[in-house]
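Below is one structure, written out as C-alpha cells; comments come after it.
The values are calculated or read from the model by the stated rules, or taken from the named source; none is laboratory data. These figures come from a predicted structure and were not determined experimentally. Using ideal geometry, Cβ is built from the backbone for each residue, glycine included, and neighbour counts are taken over all protein chains shown. Just so you know, the surface numbers come from the protein's heavy atoms only, side chains and all, with ligands and any DNA or RNA stripped out. Shrake-Rupley method; radii C 1.70, N 1.55, O 1.52, S 1.80 Å.
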Amino acid sequence: MKKIIALACVAVAVAVPAASAIPAAAVAAPAIPKGFLLYEKDAAKKDDDPETNWKVSHSVKAKLAVNPCDRGSLARVGRVAARTVTFTGVPDFMKVEQVVLYASPADAAKAVTQVRSALAACGTTTSAGSTYRYVPTPVTGLGDEALKVSGQVYYGKKAGVGGDRSVLVRKGNAVLVYLWAGEYSAPAKADWATQLRDARRMTAKICAIAACR
C-alpha cells in the first residue's frame, strides 16, 4: 500500500528532475515477494519423509510447466521474474505451482500464444505402441485468458496409466500454472478441481505484483 503524504507548499522554487532523467536503475524491477505463492509455506516446512520432496526455484529460465514439446525456450522471452514450487511423491505423483512475470502484458500474451502453438504442434506423440495426447480447453471468466490442459497416455482408444492435468492463466503481464501429474484414467471434470481452485486464488491476488489493466 502506498502512503500519500501531503506536504504544504511554500513559495520556494525546488528543482524536480523530469521522469525521463531518473536513471533506469532507480526503477524497481518487477519481483515476486517471498512467500507469495500458495505452496511456499508447505515447501518451507521440514519434511522427513523420504518418499516426498519439495523444491523451490527462482530461475527465470525454469522450463514452463505446460510444455508439450518439452522445450526449455518455450515462453521464455520477456521474462523478468519467476518462481516455481514443485512437489514430488513416490511412486509418480507431482504437482507444480508456477508464477512468471513478463516485461509487459503483450509479452505475456505472446507466451500464451506460444503455448497454444506448442499444444497444436506436439499434441500427439507416439512411442512404443502408446500415444500421449494433449487436449486444451478454454476456461472463461478466469484472468485475461485461461486454458485447462489434459495430457494422457492412450493405448489405441483406451486411456492408460500416466497423465497430467494443468490450468494456465494469464492476467496482465503474469502467467501462472497449476499442474498435477500422476496415475490417471480417462480425463474427467473432477481432475481439475484443485488446480482451478488454486488458479482462482492466485489470479485474485496476482495484481498486487503484476501490471493488470
Would you mind getting me the FRET efficiency between Cys69 and Ala193? Use the beta-carbon distance for r and R0 = 22 Å, nearest 0.05. 0.20
Exposure rank, largest accessible area first [Cys207, Cys69; 1.4 Å]: Cys207, Cys69
Considering only protein heavy atoms, what per residue accessible area in square angstrom results for the chain with a 1.4 angstrom probe? 58
Would any residue of the stretch 51-80 have its amide N under 11 Å from a label point 7 Å out along Cα→Cβ of Thr88? List them or say none. 52-55
Radius of gyration and Dmax over the Cα atoms of the stretch 39-208, both given in Å: 15.8, 48
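Normalised by the residues of the chain, what does the relative contact order come to in percent, with Cα pairs under 8 Å and at least six apart?
On the way: 402 pairs, mean separation 35.8, N = 213.
This gives 17 percent for the chain.
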Ignoring everything except DSSP H segments at least 4 long, calculate the 222 nm mean residue ellipticity for the chain; use -39,500 (n - 2.57) per segment, divide by total residues, nearest 500. -5000 deg cm²/dmol
Expressed in angstrom and rounded, the centroid-to-centroid distance over alpha carbons for the stretch 144-213 and the stretch 49-113 is 12
Using the crude model of +1 on Lys and Arg Cβ and -1 on Asp and Glu Cβ, and no other charge, please compute the dipole size for the stretch 39-208 relative to its Cα centre, in debye to 20. 520
At most 12 other Cβ atoms within 10 Å plus a DSSP loop assignment makes a site exposed; report the longest stretch of the chain without any exposed GluC sites (Glu not before Pro). 52-182
Testing the spin-label approximation: label points 7 Å from Cα along Cα→Cβ at Lys205 and Val135. State their distance in nm. 3.3
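How many percent of the accessible area of the chain is carbon or sulfur, using a 1.4 Å probe?
Answer for the chain is 58 percent, counting heavy atoms of protein chains only.
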